[in-house]
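> One structure is given below, represented as structure tokens, and several questions about it will come after.
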Amino acid sequence: MEYTSAGVILFNMNSKVLIVQYPEGHWGFPKGYKETEDKSLFDTAKRELKEEIDILPNFFLNTNSYHFKECYGEKKIIYFIAFTINSNINLCHGLNSYKWVYIKDLDKFPGFLSKQIVRKLEELKLDNITIVKKVNLKDNIAKTNEKVEMPPSKHAYSRLVPLELINDNIKIENIPNTIDSYYLNNLLNRVNDHCSNECFFIDSDEISNCWSMVNILPALVWKVGKVFLPGKPSGCSIGERPMDLYLKIMKDFGFVITENNGGFYLEKGNVGISEITLPFPSFTGTSIAIYLAMLSNNTINIHNVSIEPEIIYLISVIKNLGYKIKFDKIARVIKFKGKTENNGVLSVRVPFDRNVLVTRMVSDLVSYGIFEWFNEEQHYLEELLLFLRKCGFEIYSDNYRIKIVAPNQVVIQERVVLNCGHFPKICSDWQPLLVILLCHYLISFELSDDIFENRFQIFSQLVHLNNNIVLNKKSSNKIVIDYCDTSEKFGIPAEMTTSTNLEFKLLNIRDAAAILIASHQSKLDIEFSNLLQFFRGYETLENVLGEKVELYSYEKQ
């Protein structure tokens, strides 16, 4: 039987599926006929989804194992199953409406034509899905010459999104399709429906899955008057965040904070200050202080601030809104002098994600020995490139272009020192990724982290892929790595390829990406669970693996 049409059964974070209403009045899954440019029915399904609702899913379940077929009349359709974090739909003009519904409610919709396959479906949750890597039978996957596209930055977005609470004329574009964005957008929608004279309650689910929620607190309290935070936000288990510092900054700006059963009531106050000094250049502390100074509309100096590129970009956006600001990056001082004008509607585009850029850099260097990238936006990777040059990599770069060529043989040298910390130091987020790169090329190193004390979790999994590593832990935030045998070829030792199959629970965002990169060369079947951590920082598996993604599939447990 030849199938001529294809569609997508699209699940969201709430285990609901998307249905659309066609002009004739009936409801169904997004679908359409195969067209000449489609190489396969899978291509048809992806194209129709993009054309009808303007969404590219985060992933499809294994298309060979998970699909449904249906026939009615002369129509023969195959449906593929996909998952999206982004539930915001841009409906095409040829459709009447759309709804996210639970599977059990699908047959309640008039004219729903896919009742015969509804019974075969069940609610799909992210917790029930794993990434599976099969034995690598394709040792020489060719690298394409296509431009490496970078998704928008989740860190930049979480620091820009409070602007939507402060200024109705702000339009943020290029929003990352990650779990943090999902929770932030949900909160914005709830604020819009909130009764202004009542306390606004943040959900425990929101703070347990979205550390970025902290950045929105000053603007949220300013908008609604009183907020209850049910506890300290969490996210990756890489170390303690200084929540007490963030609360102190808000108190210094006049917020009234009352602790209640482990949670906090936050209310606006009227205390005015002219200066504040952060005890260290906290990334989140700086963005909180910036918004508090912005909302006070007074002359305020903030000392010892973070100079991360995302902070630099936030300041540039606030300037465009008409605020008078001076930013001395050398002295680490931001001076607010109030607002002078209203520039009307402002479209703000979220810049690319530097963490994903470094991820793809490491992935390509491990797999191909070369990485090339160019963009109109500055990369701010000078310290990292300088470090790689010391490690023996050839570097060709300016502010907007990077080309890196890996060494072609083991270079015997003294241990290199990798110290991660606040910008302009090498970012702590890149630490597990650089561990994979240095271990792959047998470069001994001493590693320390000025920010997080639990950043070395990757080694609990890496030792199952590489037994050539000699780890000497000096302290909670300092380790030394050497190798048993530096005569080995680059990568995973040969004897490791015959071990038993592996299962890895993804530990946190960057460790997740790092272990996926490290596992690529393994000859083992490997299963990865706890995908929530991965999608907190990456939109797709392609963000990490590029062309190598074809060796992996998404499977239902």
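The values are calculated or read from the model by the stated rules, or taken from the named source; none is laboratory data. As the structure is a computational prediction, the values presented were derived from the model and not from experiment. Every residue, glycine among them, receives a Cβ derived from its backbone with ideal geometry; neighbour counts consider all protein chains shown.
> Which residue pairs have Cβ atoms under 6 Å apart, sit 6 or more places apart or on different chains, and have a first residue in the range 345-369 that is closer than 20 Å to residue 406 by Cα and touching a residue at least 12 places away in the same chain (Cβ under 8 Å) and a second that is of a type in the set (A, V, I, L, M, F, W, C) and assigned to a strand (DSSP E or B)?
So the pair list comes out as 361/371; 364/371; 365/371.
> Sticking with this one: When you go through (1) within 24 Å of residue 404 (Cα to Cα); (2) at pLDDT 90 or above; (3) among the aliphatic types (A, V, I, L, M) one by one for residue 492, which number turns out not to apply?
Result: residue 492 fails condition (2) only.
> So residue 88 fits all but one of (1) over 20 Å from the mean Cα position of the chain (by Cα); (2) within 30 Å of residue 183 (Cα to Cα); (3) modelled with pLDDT under 85; what number is the exception?
Among (1) over 20 Å from the mean Cα position of the chain (by Cα); (2) within 30 Å of residue 183 (Cα to Cα); (3) modelled with pLDDT under 85, the lone unmet condition for residue 88 is (1).
> Surrounded by fewer than 21 Cβ atoms within 10 Å (Cβ to Cβ), closer than 14 Å to residue 134 by Cβ and modelled with pLDDT of 85 or more: does that describe residue 550?
Against the criterion (surrounded by fewer than 21 Cβ atoms within 10 Å (Cβ to Cβ), closer than 14 Å to residue 134 by Cβ and modelled with pLDDT of 85 or more), residue 550 does not qualify.
> Restrict the check to the range 305-326 and report whether at least one residue is surrounded by fewer than 16 Cβ atoms within 10 Å (Cβ to Cβ), under 30 Å from residue 199 (Cα atoms) and more than 27 Å from the chain's Cα centre (by Cα).
no
> Of all residues in the range 347-377, which are surrounded by fewer than 23 Cβ atoms within 10 Å (Cβ to Cβ) and assigned to a loop (DSSP other than H, G, I, E, B)?
Of everything in the range 347-377, those that are surrounded by fewer than 23 Cβ atoms within 10 Å (Cβ to Cβ) and assigned to a loop (DSSP other than H, G, I, E, B) turn out to be 351, 369, 375, 376, 377.
> How many residues are in a helix (DSSP H, G or I) and surrounded by 11 or more Cβ atoms within 10 Å (Cβ to Cβ) when one looks only at the range 102-122?
The qualifying residues number 9.
> Please name all residue pairs, on different chains or six or more residues apart, with Cβ atoms under 7 Å, provided the first residue is in the range 307-321 and is closer than 14 Å to residue 161 by Cα and the second residue is in a helix (DSSP H, G or I) and of a type in the set (S, T, N, Q).
Short answer, once both residue conditions are applied: 311/286; 311/287; 314/287.
> Only one of 274, 282 is surrounded by fewer than 16 Cβ atoms within 10 Å (Cβ to Cβ) and more than 14 Å from residue 227 (Cβ to Cβ); which?
Exactly one residue qualifies, and that residue is 274.
> Here is a check on your reading of the model: is residue 334 surrounded by fewer than 21 Cβ atoms within 10 Å (Cβ to Cβ) and either out of contact with any Leu (no Cβ under 6 Å at 6 or more places or on another chain) or assigned to a loop (DSSP other than H, G, I, E, B) (or both)?
no
> Given 160, 165, which one is under 25 Å from residue 292 (Cα atoms), modelled with pLDDT of 95 or more and of a type outside the set (Lys, Arg)?
Testing whether each residue is under 25 Å from residue 292 (Cα atoms), modelled with pLDDT of 95 or more and of a type outside the set (Lys, Arg) leaves just 160.
> Take the residues of the range 123-144 that are part of a loop (DSSP other than H, G, I, E, B), surrounded by 11 or more Cβ atoms within 10 Å (Cβ to Cβ) and not basic (Lys, Arg): which is modelled with the lowest pLDDT?
136
> Among the listed residues 160, 165, 217, identify the single one that is more than 18 Å from residue 311 (Cα to Cα) and buried (at least 16 other Cβ atoms within 10 Å of the Cβ).
Exactly one of 160, 165, 217 is more than 18 Å from residue 311 (Cα to Cα) and buried (at least 16 other Cβ atoms within 10 Å of the Cβ), namely 165.
> Hey, another quick one. Might you check whether a residue that is assigned to a helix (DSSP H, G or I), at pLDDT 95 or above and either within 23 Å of residue 143 (Cβ to Cβ) or touching a strand residue (DSSP E or B) at 6+ places or on another chain (Cβ under 9 Å) (or both) occurs anywhere in the range 299-312?
yes
> Just to check your reading of the model, which residue among 55, 78 is buried (at least 18 other Cβ atoms within 10 Å of the Cβ) and in a strand (DSSP E or B)?
Matching residue, one of 55, 78: 78.
> Shifting gears a bit: For residue 263, state whether it is under 18 Å from residue 200 (Cβ atoms) and surrounded by fewer than 15 Cβ atoms within 10 Å (Cβ to Cβ).
Taking the combined requirement at face value, the residue does not satisfy it.
> Name, by its number, the condition in (1) at pLDDT 85 or above; (2) out of contact with any Lys or Arg (no Cβ under 8 Å at 6 or more places or on another chain) that does not hold for residue 179.
Failing condition for residue 179: (2).
> Being in a strand (DSSP E or B) and either aliphatic (A, V, I, L, M) or in contact with a strand residue (DSSP E or B) (Cβ under 6 Å, 6 or more places away or on another chain) (or both) is the filter here; which residues of the range 458-477 pass it?
Across the range 458-477, the qualifying residues are 469, 470, 471, 472, 473.
> Suppose the filter is polar (S, T, N, Q) and more than 31 Å from the chain's Cα centre (by Cα); does residue 296 pass it?
Yes.
> Could you list, in sequence order, all residues of the range 198-231 that are of a type in the set (S, T, N, Q) and touching a residue at least 60 places away in the same chain (Cβ under 8 Å)?
Matches in the range 198-231: 209, 215.
> Could you tell me whether any residue of the range 200-208 is surrounded by fewer than 18 Cβ atoms within 10 Å (Cβ to Cβ), assigned to a loop (DSSP other than H, G, I, E, B) and in contact with a Lys or Arg (Cβ under 7 Å, 6 or more places away or on another chain)?
Scanning the range 200-208 turns up no residue that is surrounded by fewer than 18 Cβ atoms within 10 Å (Cβ to Cβ), assigned to a loop (DSSP other than H, G, I, E, B) and in contact with a Lys or Arg (Cβ under 7 Å, 6 or more places away or on another chain).
> I need every pair where a residue in the range 1-30 that is within 17 Å of residue 80 (Cβ to Cβ) and modelled with pLDDT under 90 has its Cβ under 6 Å from the Cβ of a residue that is among the hydroxyl-bearing types (Ser, Thr, Tyr) and in a loop (DSSP other than H, G, I, E, B), sequence separation at least 6 or different chains.
Pairs that qualify, where the first residue is within 17 Å of residue 80 (Cβ to Cβ) and modelled with pLDDT under 90 and the partner is among the hydroxyl-bearing types (Ser, Thr, Tyr) and in a loop (DSSP other than H, G, I, E, B), are 28/114.
> Ok, one more. Can you name the residue in the range 499-547 that is part of a strand (DSSP E or B) and of a type outside the set (Gly, Ala, Ser) and, of all such residues, is surrounded by the most Cβ atoms within 10 Å (Cβ to Cβ)?
Within the range 499-547, the match that is surrounded by the most Cβ atoms within 10 Å (Cβ to Cβ) is 528.
> Within the range 378-397, restricting attention to residues that are part of a loop (DSSP other than H, G, I, E, B) and more than 26 Å from the chain's Cα centre (by Cα), which residue is surrounded by the most Cβ atoms within 10 Å (Cβ to Cβ)?
393
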